[in-house]
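Worksheet: the structure to be examined is printed underneath.
The values are calculated or read from the model by the stated rules, or taken from the named source; none is laboratory data. Every value quoted in this text rests on a predicted model; they were computed, and no experiment measured them. With ideal geometry, Cβ positions are generated from the backbone for all residues, glycine too; neighbour counts draw on all protein chains shown. In case anyone asks, the SASA skips ligands and DNA or RNA and just uses the protein heavy atoms, side chains included. Shrake-Rupley method; radii C 1.70, N 1.55, O 1.52, S 1.80 Å.
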Amino acid sequence: MNARTKKLAVLFVLTLTLFAGAKHMNAEAPAEQQLTELAEQWCKQLAADPSFATWRGAKLSVYPLGPGTHSWMVILSQQEERVGYFIIHAVENGGYTLGEYGLDPYISLLDSFEQQTSLLPGTYSNENNEAAAFYYIHPFLAVYASNNAAEGLYELFSSEQLPVTIDQFKAEAQSSSLKAKQAELQALTNNKIATAGLSRLASFAHVEPFDSYASMPWLTKASLNQNYSLKDIDKLKAQIIKTIQKDEQLRYVTEQYNGKVLFASSVTGYHQWDEQLYVALSVPEHQTAVRYVPLPDLMAYGHFYR
């Protein structure tokens, strides 16, 4: 890890660290207890996957993602070493849904830094007393932003500096097209996902990560889901599972900010829960970090390519 990447990782983990100071101000105790119980159930199921062996008996800490978001991050730690995370959202008809989860090596860096002064949920002050904030709108619109304009905006999971301003980010987050996608996803969630939580990890599969930019099929081929809407999710799910089980390369590509930013990830597996398929994405340049994102979100915000 070079010095710049390490600095970005520090910014990321400091943000997560300082959720703790805001937790008791903003998370209601009943909600926190319910979230902890749900996360414990999911941990027990995920422990069946050898990749998640370190999650057995992990300590769970619940942090709000920010005021008005109705979302929380649950950090998992084992003997003071952070081993993973959940992001959980409240749903309109009551209960909660699992937004994403994953294994992230940078979370382990939390132990290396002292906690700074907490400001608001999702914010912190760095060693220069400069305010900064963490924003999570959806899995591919999540950033670290400093009030120091010279520092710019960074994608949260890859630590990549983005060629956009905070105003452009906010415009993207409030766009009518995004709100339409979110409404469609919310309707699907209310109709199909059990709000008591995912009940059972039915099956899983893994393939080796690969360089997602070694070839660029998105430049020459149509995507698997080009002609699919969310109503066709079962068709796409069957294609994804078949491709992974045949150990064929599959890439996921998403573009944000009117095409200014493109992220390509290698698909490295899946978790099939009773109610939902979560697809494993390697984080570019940090392939030991793996994010499990629900298929409806992946359909809404990007495309799959073989």
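Quick look at the numbers
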{"quantity": "Verdict on Q186 being open to solvent by 30 Å² or more (accessible area, probe 1.4 Å), at pLDDT below 85 and touching a strand residue (DSSP E or B) at 6+ places or on another chain (Cβ under 6 Å)", "calculated": "no"}
{"quantity": "Members of the stretch 157-177 found to be within 22 Å of M73 (Cα to Cα) and either touching an Asp or Glu at 6+ places or on another chain (Cβ under 7 Å) or open to solvent by less than 60 Å² (accessible area, probe 1.4 Å) (or both), listed by number", "calculated": "F157, S158, S159, F169, A173"}
{"quantity": "S146 vs. criteria crowded, with 19+ Cβ neighbours inside 10 Å and at pLDDT below 80", "calculated": "no"}
{"quantity": "Test: residue in the stretch 66-87 that is within 21 Å of S158 (Cα to Cα), at pLDDT 75 or above, out of contact with any Gly (no Cβ under 8 Å at 6 or more places or on another chain) and charged (D, E, K, R)", "calculated": "yes"}
{"quantity": "Filter result for the condition that a residue is in contact with a Leu (Cβ under 7 Å, 6 or more places away or on another chain) and farther than 16 Å from A289 by Cα, over L65, L60, L76", "calculated": "L60"}
{"quantity": "Close pairs from the stretch 159-170: first farther than 13 Å from Y135 by Cβ, partner assigned to a loop (DSSP other than H, G, I, E, B), Cβ under 7 Å, at least 6 apart", "calculated": "Q161/G152; P163/K260"}
{"quantity": "Long-range neighbours under 6 Å by Cβ, at least six apart or interchain, first residue closer than 19 Å to L201 by Cα and polar (S, T, N, Q) within the stretch 83-103, second at pLDDT 90 or above and buried (at least 16 other Cβ atoms within 10 Å of the Cβ)", "calculated": "none"}
{"quantity": "Filtered residue count, the stretch 55-88, keeping only those that are surrounded by fewer than 18 Cβ atoms within 10 Å (Cβ to Cβ) and not in a strand (DSSP E or B)", "calculated": "8"}
{"quantity": "Among the candidates A289, A280, residue that is open to solvent by less than 10 Å² (accessible area, probe 1.4 Å), modelled with pLDDT under 95, among the hydrophobic types (A, V, I, L, M, F, W, C) and assigned to a strand (DSSP E or B)", "calculated": "A289"}
